[in-house]
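Notes for the one structure printed next.
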Amino acid sequence: MYIFGQSVLRKQAEDIPTDYPNLQELIANMFETLKNAEGVGLAAPQVGLPIRVVVVDLDCISEDEPQYKGFLKTFINGHIIETSDDLVSMEEGCLSIPGIHENVKRPSRVHIKYLDENLTPHDEWVEGFVARVIQHEFDHLEGKMFVDRVSPLRKQLLKKKLIGMTKGKFSCHYKAKPNH
Ligand code: NI
């Protein structure tokens, strides 16, 4: 897992060609990394690749939220086309920013376009927790992270921790790749 401070996390990720080498293997590896880190979403920049590939596993919370049973989805060349006007606040965390959780305001619904793991195109609106996770993960593809979206006061309070993180001061239970 690439950690806050790694430059790949700040890059604009590129669409990939449909014949991208070993794509299925990459997707499988990303799901495994995600499961191992006990997260719900992972974007390719978090494993060091500046490409538009995202995996989302909501099956792991389906014990509490049965509607997500079997929800394992891949989003290739995903883009947000439009969003609803209303903002909702929810606490977020990020596998690349271990130990920090903050409230973030985001639109409740988003219109997205993407290819699934079979390269079938999709054009749909998503809402609720799925919209939340998608927006967090698609932000990674724009080189954005959730700490960029917290209030100026909270950002000021996080500053020291984030600087420490770029110097390797953090702990997490999964294999991490800090910038030092
Ligand atoms: Ni994240």
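Quick look at the values:
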read-out: Identity of the residue in the stretch 133-152, more than 10 Å from the ligand (Cβ to nearest atom) and closer than 18 Å to Thr83 by Cα, that ends up farthest from the chain's Cα centre (by Cα); value: Arg149
read-out: Out of Leu95, Leu115, sole residue that is over 16 Å from the mean Cα position of the chain (by Cα), closer than 30 Å to Pro21 by Cα and buried (at least 16 other Cβ atoms within 10 Å of the Cβ); value: Leu115
read-out: Residue in the stretch 76-92 that is loosely packed, with under 14 Cβ neighbours inside 10 Å, under 16 Å from the mean Cα position of the chain (by Cα), under 22 Å from Asn36 (Cα atoms) and of a type outside the set (Val, Ile, Thr) present; value: yes
read-out: Residue tally, condition assigned to a strand (DSSP E or B) and within 15 Å of the ligand (Cβ to nearest atom), over the stretch 45-60; value: 5
read-out: In the stretch 31-44, the residues that are more than 11 Å from the ligand (Cβ to nearest atom), touching a residue at least 24 places away in the same chain (Cβ under 8 Å) and either assigned to a strand (DSSP E or B) or farther than 16 Å from Val133 by Cα (or both); value: Thr33, Asn36
read-out: 2 or more residues within 16 Å of the ligand (Cβ to nearest atom) and at pLDDT 95 or above: qualifying strands (runs of 3 or more DSSP E) within the stretch 89-131; value: 102-107
read-out: Residue in the stretch 156-179 that is within 16 Å of the ligand (Cβ to nearest atom) and assigned to a strand (DSSP E or B) present; value: yes
read-out: Residue match in the stretch 14-25 (condition: within 15 Å of the chain's Cα centre (by Cα) and either assigned to a helix (DSSP H, G or I) or in contact (Cβ under 8 Å) with a residue 40 or more places away in the chain (or both)); value: no
read-out: So Glu63, is it surrounded by 13 or more Cβ atoms within 10 Å (Cβ to Cβ), away from the ligand (no atom under 16 Å from the Cβ) and either in a loop (DSSP other than H, G, I, E, B) or at pLDDT below 95 (or both); value: no
read-out: Residue within the stretch 131-151 that is surrounded by fewer than 18 Cβ atoms within 10 Å (Cβ to Cβ) and of a type in the set (A, V, I, L, M, F, W, C) present; value: no
read-out: Unmet requirement for Lys177, which otherwise passes all of (1) without any contact (Cβ under 8 Å) to a residue 60 or more places away in the chain; (2) touching a strand residue (DSSP E or B) at 6+ places or on another chain (Cβ under 8 Å); (3) more than 24 Å from Leu58 (Cβ to Cβ); value: (1)
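The values are calculated or read from the model by the stated rules, or taken from the named source; none is laboratory data. Only a predicted model underlies this, so the values are computations on that prediction, with no experimental measurement involved. Neighbour counts run over all protein chains shown; Cβ positions are idealised from the backbone, glycine included.
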